[in-house]
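Below is one structure, written out as structure tokens; the observations come after it.
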Amino acid sequence: MSATATSEPTQYLTFELEEETFALDISKVREVLEFSSVTKVPRTPEFMRGVINLRGSVVPVVDLRLKFGMTRTEKTVNTCVIIVEVSFESESMVLGALADSVQEVIELEPEKIEPAPSIGMQLRTDFIKGMGKRDEEFIIILDIDKIFTADELAFAQEASQSAA
């Protein structure tokens with residue numbers, strides 16, 4: 001389904017990673033938490049920062065900056081964990097995603113969203129739903145269900161189960 005398939009405006013949670021603005025469909029976001037600490041799970045990929053205890057449930061936390069080839073997220077007063085629900089292979093999984101800061105919930109009309117850029121065959125951009133435009137700023141709209149491979153999600157699920 002393309003970003004322009006619907007005529008209704010969609011709400012997005014905007015957040016920053018290395019001074020770039022990203023957004024997630026608000027329907028995939030459960031809550032936003034202050035980043036305190038994570039428990040590292042041995043032998044996990046570098047972008048898997050560890051797990052947190054969320055009201056008795058073990059939730060894996062990923063560093064989106066590392067996943068996107070940026071520098072590691074450093075803890076600041078604004079750093080937070082966005083708790084999202086990721087769907088894969090007819091299952092869903094709760095995951096925490098580190099962000100430098102969360103900004104706001106915005107509403108974007110379909111005509112304010114351009115298709116994802118085509119960067120060539122070598123780079124995967126299928127996880128980008130589109131490019132939202134607000135004033136003179138571009139907002140990279142992510143498809144949280146396509147950021148991670150099935151193997152990476154299985155790894156995260158195993159890590160949270162072994163930590164439980």
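Taking R30 as the residue in question, decide whether it is crowded, with 16+ Cβ neighbours inside 10 Å, out of contact with any Gly (no Cβ under 8 Å at 6 or more places or on another chain) and touching a residue at least 24 places away in the same chain (Cβ under 8 Å). For R30, the condition - crowded, with 16+ Cβ neighbours inside 10 Å, out of contact with any Gly (no Cβ under 8 Å at 6 or more places or on another chain) and touching a residue at least 24 places away in the same chain (Cβ under 8 Å) - is not met. Checking each residue in segment 64-93 for being assigned to a strand (DSSP E or B), open to solvent by less than 40 Å² (accessible area, probe 1.4 Å) and within 15 Å of T149 (Cα to Cα) picks out V86, F88, M93. Cβ-Cβ distances below 6 Å connect the following pairs, each with a first residue in segment 57-79 that is under 20 Å from V94 (Cβ atoms) and acidic (D, E), a second residue that is assigned to a strand (DSSP E or B) and open to solvent by 10 Å² or more (accessible area, probe 1.4 Å), and a separation of six or more residues or different chains: D63/R49. Please tell me if P45 is over 20 Å from A163 (Cβ atoms), at pLDDT below 95 and open to solvent by less than 70 Å² (accessible area, probe 1.4 Å). No. Of the residues making up segment 13-42, just one is among the hydroxyl-bearing types (S, T, Y), modelled with pLDDT of 95 or more and out of contact with any Phe, Trp or Tyr (no Cβ under 9 Å at 6 or more places or on another chain), namely S27. Among the criteria (1) modelled with pLDDT of 90 or more; (2) out of contact with any strand residue (DSSP E or B) (no Cβ under 7 Å at 6 or more places or on another chain), the one V105 does not fulfil is (2). Taking the condition at pLDDT 95 or above and either in a strand (DSSP E or B) or open to solvent by 60 Å² or more (accessible area, probe 1.4 Å) (or both), does V58 pass? Answer is no for this residue. The set of residues in segment 136-151 that are at pLDDT below 85 and either open to solvent by less than 40 Å² (accessible area, probe 1.4 Å) or of a type in the set (S, T, N, Q) (or both) contains only T149. Residues of segment 94-107 that are open to solvent by less than 10 Å² (accessible area, probe 1.4 Å) and either in contact with a Phe, Trp or Tyr (Cβ under 6 Å, 6 or more places away or on another chain) or outside any strand (DSSP E or B) (or both): A99 alone.
Working carefully through the options I82, I139, I147, find the one that is more than 17 Å from R49 (Cβ to Cβ) and out of contact with any Lys or Arg (no Cβ under 6 Å at 6 or more places or on another chain).
Step by step, each of I82, I139, I147 is checked, and only I139 is more than 17 Å from R49 (Cβ to Cβ) and out of contact with any Lys or Arg (no Cβ under 6 Å at 6 or more places or on another chain).
The values are calculated or read from the model by the stated rules, or taken from the named source; none is laboratory data. Since we're looking at a predicted model, the values are computed, not measured. When we count neighbours, we look across all protein chains shown, and the Cβ atoms used for this are built from the backbone with ideal geometry, even at glycine. Accessible surface is based on the protein model in full, side chains and every heavy atom, while ligands, DNA and RNA are left aside. Shrake-Rupley method; radii C 1.70, N 1.55, O 1.52, S 1.80 Å.
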